[in-house]
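Working notes for the structure below.
The values are calculated or read from the model by the stated rules, or taken from the named source; none is laboratory data. What you are looking at is a predicted structure, and each value in this text was computed from that prediction instead of being measured. Here Cβ is always computed from backbone atoms with ideal geometry, including for glycine, and neighbour counts include all displayed protein chains.
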Amino acid sequence: MRSIILVLLSFISINICYAGKVYVFRNAEGVLVFSDAPQSNKAEEIKLTTKPTVIPSENTDVLNPVSESQHQIHTRFAINITQPSHESTVRDNTGSVYVSGGISPNFEPGHQVRILLNGKQQGKNLGRATQILRNVNRGEHKLKMELLDKTGKVIASSEEVTFFMHRSSVN
């Protein structure tokens, strides 16, 4: 009850600061209504003899639920390639490269990973950070991973990793 009275007095004090006059009346349900303008012919002006006290508000952001879009804005995602390692040589006559990565803080539902080999997307975006690239030609290659949100927007990119594909030649 005391907190209700304090809130009510704060409301009256704030209105006094802005309106100068406060009126009180009972509505059709019999509830007391305070206003800065007389709403009915039964409204009475309240004469206050004390200065208004303004209580500073508290930060209540922790009480507000965080939407998914706000969560993504505040969460900084990171993605990195763990395999193949930078400047390593992959020896596979079929040209297969096993690519894996790490995502932090967490891989969330709806996120997808895009693999770029020499700047070109490889296969479809996947809901995991592991993939096998097939029939990669001999030579030097640049590999990169991108983390996408549900809308397809890039929210994290890995550092580019250079690796060398070694395949036996028939020559």
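Quick notes on this one:
- Exclusive hit being loosely packed, with under 10 Cβ neighbours inside 10 Å and modelled with pLDDT of 75 or more, set Lys42, Lys47, Lys51: Lys47
- Considering residues of segment 122-137 that are touching a residue at least 40 places away in the same chain (Cβ under 8 Å) and not β-branched (Val, Ile, Thr) only, the residue surrounded by the most Cβ atoms within 10 Å (Cβ to Cβ): Ala129
- Filter result (among the basic types (Lys, Arg), part of a strand (DSSP E or B) and surrounded by 13 or more Cβ atoms within 10 Å (Cβ to Cβ)) within segment 140-171: Lys144
- Summed over segment 90-121, the residues that are in contact (Cβ under 8 Å) with a residue 24 or more places away in the chain, closer than 19 Å to Gly152 by Cβ, of a type outside the set (Gly, Ala, Ser) and assigned to a strand (DSSP E or B) give a count of 6.
- Filtered by the rule that a residue be within 18 Å of Thr82 (Cβ to Cβ) and either outside any strand (DSSP E or B) or not hydroxyl-bearing (Ser, Thr, Tyr) (or both), segment 122-135 gives Gln122, Leu126, Gly127, Arg128, Ala129, Gln131, Ile132, Leu133.
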